[in-house]
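Derivation of every value follows stated rules applied to the coordinates shown; laboratory data play no part. Small disclaimer: the values here were computed from a predicted structure and weren't measured. Note: ideal-geometry Cβ built from the backbone for every residue, glycine included; neighbour counts use all protein chains shown.
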Amino acid sequence: MTNCIIYARTGMHNPVALNEQLYACTKIAKKKQMEIVGVFTDEGDSGEGLAKAIGMIATQTIDYFIIERTDRISRKLHLCFCITDMMRAADCEIIKASE
C-alpha cells in the first residue's frame, strides 16, 4: 500500500476552511487507497506544520503529499518551487485535491 501525508493551510484562523481542505485531501487518499501516515496544518504564517511535513519527507519514505491547491504550499512562488523540487528529489509526488 502506498502512503501519504496531508497538508492544509489557511491564511488566518479559519477552522471551517481548514476542515474543508482536510476533508478534500482525505477523500482523495481514501479513493486511491493510500495509508495516511501524517496530517499537518498551519494557520497564518507560522509554517510549522509545513516544516514538520518536509522533515517527514526528508527522513522517511513518503509516496505522496496531498494538498487542496498548489498555493497551500506557499503563496511565494520561489518557495513553492524549492519545496516541490525537494519533494521530487525525495520521490514524493504532489497530488492536488482540487484544481
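Under the Karplus relation 6.51 cos²θ - 1.76 cosθ + 1.60, θ = phi - 60°, what is the ordered set of whole-Hz ³J(HN,Hα) values for the range 79-84, x standing for Gly and Pro?
5, 4, 5, 4, 5, 5
Under a 5 Å amide H to amide H cut-off, with H placed in plane at 1.01 Å, what residues pair with Ile94 once short-range neighbours are removed?
Placed amide hydrogens put Phe65 under 5 Å from Ile94.
Collect residues whose amide H, placed 1.01 Å from N in the peptide plane, falls under 5 Å from the amide H of Asp42; neighbours closer than 5 in sequence don't count.
Counting only residues 5 or more places away or on other chains, the set is Ala8, Arg9, Thr10.
Over the chain, what is the relative contact order in whole percent, taking alpha-carbon pairs under 8 Å and six or more residues apart?
Result for the chain is 35 percent.
Can you compute the modelled spin-label distance between Asp45 and Met1, with each label point 7 Å from Cα toward Cβ, in nm?
Roughly 4.0 nm, to one decimal.
Using θ = phi - 60° and the Karplus relation 6.51 cos²θ - 1.76 cosθ + 1.60, list the HN-Hα couplings for the range 69-75 in order, rounded to whole Hz, with x at every Gly or Pro.
Karplus-based 3J(HN,Hα) across the range 69-75 equals 9, 4, 5, 6, 5, 6, 7 Hz.
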